[in-house]
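Readers should treat all values here as calculations from the given coordinates under stated rules, not as data from a laboratory. Everything numeric in this text was worked out from a predicted model, so none of it was measured. We place every Cβ from the backbone using ideal geometry, glycine too, and count neighbours over all the protein chains shown.
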Amino acid sequence: MKVVLLASLVALSAVRSAHAADFFVVTDTFKSQRDAQTRAADVGGWVLDTDAYSGLTPNLFAVVRGPYANREVAEQRLNELKAIKTYKAAYVKDAGALRVAPVLARSVPPKILTALLGELSVEVTDRPGGTNPCEPQEPYQSVSVSAVTVDRTYNKAKDAEGFKARRIDLDIGGFWVIKRTGEVERMRVCAE
C-alpha cells in the first residue's frame, strides 16, 4: 500500500493550506513507484504520484522539487538545479488542481483509508533554521509521522498477560517544508 505517499499527501495537505502552491520542478518520471523512490533517495527530491494532480500525465511517479507558490520561484530553483549535471532534463510544471481523494481511493478502499488516517499522527513543527549545518539555513517546518502500537506485557506477580500502548515514529525518510517558498525538501543525513 502507498503508506509513504499517503503520509506525504496528508502532510502536504496540511502545509498546502498555508501555501497555494502547485508548481513543481520535475527531475525524473517513472512507471514504478519503487524506481522513483530509489531515484529520489539517490539524487534528492521526493516522489509524487502524478494522479494526485489534474495537470500531470497520469499513471506515473515523478521525482519533484517543490511545490512552489508561483512559476517564477520554481524557475529560479530549476536554474539552480540545471547547474548540476544530474538535473539537465529537469523542467517546471504547473500541476493543476490537487485531487488527492481519487488517488487514494484507487489503491486503498475508503474504509481502510479512513481507519489509516485515524491511526496516523502527522506533526508539523516550526523551526528557525540555521542552527545546524545539516538543516535548512532559513525557517522551515519539520514533518514527522507517528502511530500507536501495542506491546504484549506480562505481570509475573499476577501471572497475567496484558497490553501497553506505545507511540512509534514512522520512518518515511523525513522531509522539511521551507516556509518562504513552500518547497518540500527531503531530509538528508549530514556527511560533513
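Annotation: extensible slack from SER142 through ALA41 equals 34.6 nm (criterion: 0.36 nm per residue apart, minus Cα-Cα distance). Each residue of the range 25-39 was assigned a 3J(HN,Hα) from its phi angle through the Karplus curve 6.51 cos²θ - 1.76 cosθ + 1.60 (θ = phi - 60°); the sequence is 9, 9, 9, 7, 9, 9, 7, 9, 5, 4, 5, 5, 5, 5, 5 Hz, with glycine and proline shown as x. Put simply, the amide H of GLY129, placed in the peptide plane, has neighbours under 5 Å in TYR140, leaving out anything fewer than 5 places away on its chain. Under 5 Å from the amide H of MET187 lie the amide H atoms of PHE175, TRP176, each residue being 5 or more positions distant or on a separate chain, with H modelled from the backbone and absent for Pro and chain starts.
Summary of the geometry: the range 129-145 and the range 22-51, compared by the centres of their Cα atoms, lie 22 Å apart. Simple spin-label estimate for SER54 and ILE168 gives 4.0 nm between the two label positions (7 Å along the Cα-to-Cβ direction from each Cα). Applied to the range 75-91, the Karplus parametrisation 6.51 cos²θ - 1.76 cosθ + 1.60 on θ = phi - 60° returns per-residue 3J(HN,Hα) values of 5, 4, 5, 4, 4, 5, 5, 5, 5, 9, 3, 4, 10, 4, 8, 5, 8 Hz, with x for Gly and Pro.
Kindly put SER121, SER144 in sequence by how many other C-beta atoms sit within 10 Å of each C-beta, fewest to most.
SER121, SER144
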